[in-house]
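The next block holds one structure in the form of structure tokens; read it before the comments.
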Amino acid sequence: MIKVGITGQSGFIGKHLYNTLKLFPEEFELINFQNNFFDDGELLRNFVSQCDTIVHLAALNRHEDPQVIYDSNISLVRRLIEALNSTNSKAHILFSSSSQEDIDNLYGRSKKEGRLLLSNWAKWSGGKFTGMIIPNVFGPFGKPYYNSFIATFCYQLTHEELPKIEKDSVVKLIYVADLVDYFIKAIRENIGNDLLIVPATNEYKVSEILGLLQTYTGLYFASGIIPKLENRFELNLFNTFRSYFDLFNYYPKKITKHTDARGSFVEIIRLGVGGQVSFSTTIPGIIRGNHFHTRKIERFAVIKGKALIQLRRIGTSEILNFYLEGDEPAYIDMPIWYTHNIKNIGEDELITNFWINEFYDPIDPDTYFESV
């Protein structure tokens, strides 16, 4: 069992790493970190003393005064080193640096100098150190106007704001789940790699990415049509886009019901991708689900009976309740990293149509059980 602590646990990358490590409880024990630990030497030393591995993600990315960024980031590294020294820690330290190391700005300097300080600590103390140079990271739940331009564009397009391209450059990108895989590999190997350059998985112009997001806005956000996703990057970008919806105001989406003397007809989904379609029947009072996905796109459409669909984002406590009835057909698409369930709250049988964008694979099901 490897005891892992993550400074910056509540940040964009930190949350993804923390939640992914939780999927392997037999392999990793997570040592809780709070931001105020850096303001209290005793709390920080207690945290450090429990860890076999520390992933140092805590950093300031943006501020009106660049000098504040530099001073803050160097101070965090120095405080961590003080705690390591005072506890005689031999932990494996993983440090997230940036491809901006080679750019002449104070953020890049703070990252490079912080990496070198920790590298020197490891050489002096006998600890292990891995300094990771990371390209631009994107993914679900990034903070708009802070973490990445993709987060900003997604937020703007789903909140009636107009995106603006400041500089249409080619950007090297990595999806946050792919970056998390690099962290987990380094934690498992427990070797130390003074300089680990994490390769970008994709390169796109800013305008190309905005064009894709505008397509998703027109097809999916406005009309509920699942767009054609040409590759894994587009799937990741689409799932990132979906994470910025105001779920309560967007769902449930009513579906047009056509009725005549023969009965009724309801179109449930229009697809630019393939996948798997199924349906279930559920007797009154029974709950299905209580699981989440990290990559799959999934649509629940209630076509008969009364249902309560509940969603809760992993790592949070807020439960979102949606009530659907077959008499007014409607659907909800499940966001990734939201555990979800469906309960028959009526007196009759509940019939639900399910669509998911990939075939079920028992070897790689991307289905993790956690109660809402």
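General observations
- Residue by residue, the stretch 288-303 carries 3J(HN,Hα) couplings of 10, x, 6, 8, 9, 10, 10, 9, 6, 9, 9, 10, 9, 10, 8, 10 Hz when phi is fed to the Karplus relation 6.51 cos²θ - 1.76 cosθ + 1.60 (θ = phi - 60°); x denotes Gly or Pro.
- Residues of the stretch 355-370 with amide N under 11 Å of the 7 Å Cα→Cβ point at Gln276: 355-367
- Among Ser86, Ser97, sorting on how many other beta-carbon atoms sit within 10 Å of each Cβ, with the fewest leading, yields Ser86, Ser97.
- Put in line by how crowded their Cβ is, counting other Cβ atoms within 10 Å and starting with the fewest, Ser148, Ser317 read Ser317, Ser148.
- Taking Ser99, Ser243 and counting other C-beta atoms within 10 Å, the order from fewest to most: Ser99, Ser243
- Kirkwood-Stokes translational diffusion coefficient of the stretch 247-369, alpha-carbon pairs, 20 °C, 1.002 mPa s, µm²/s: 142
- Peptides 159-169, 57-67, 178-188 ranked from most to least packed give 178-188, 57-67, 159-169, packing being the mean of other C-beta atoms within 10 angstrom over each peptide's residues.
- Considering only beta bridges that DSSP places wholly inside the chain, some 65 percent are antiparallel.
- Above-threshold pairs, the threshold being 19 Å between Cα atoms, out of Lys172/Lys228; Lys15/Lys172; Lys3/Lys90; Lys296/Lys343; Lys15/Lys143; Lys228/Lys296: Lys172/Lys228; Lys15/Lys172; Lys296/Lys343
- GluC sites (Glu not before Pro) restricted to DSSP loop in the stretch 271-347 with at most 12 other C-beta within 10 Å: Glu318, Glu347
- The ellipsoid that matches the Cα gyration tensor of the chain has semi-axes, each √(5λ) in whole angstrom, of 43, 24, 17, with the longest given first.
- Degrees between helix 41-50 axis and first principal axis of the chain (Cα, 0 to 90, nearest 10): 70
- Cα centroid separation, the stretch 183-224 to the stretch 54-115: 23 Å.
- Nearest-ten-degree value, helix 106-125 long axis tilted from longest Cα axis of the chain: 60
- Between the helical axis of 232-242 and the longest alpha-carbon principal axis of the chain there is an angle of about 80 degrees.
- Per-residue HN-Hα couplings for the stretch 332-341 [Karplus 6.51, -1.76, 1.60; θ = phi - 60°; Hz; x = Gly/Pro]: 9, 9, 7, x, 5, 6, 10, 6, 8, 8
Laboratory data are not the source of any read-out in this text; all were calculated from the coordinates shown. Bear in mind that the values here come from a model prediction, so they are computed numbers and not experimental data. When we count neighbours, we look across all protein chains shown, and the Cβ atoms used for this are built from the backbone with ideal geometry, even at glycine.
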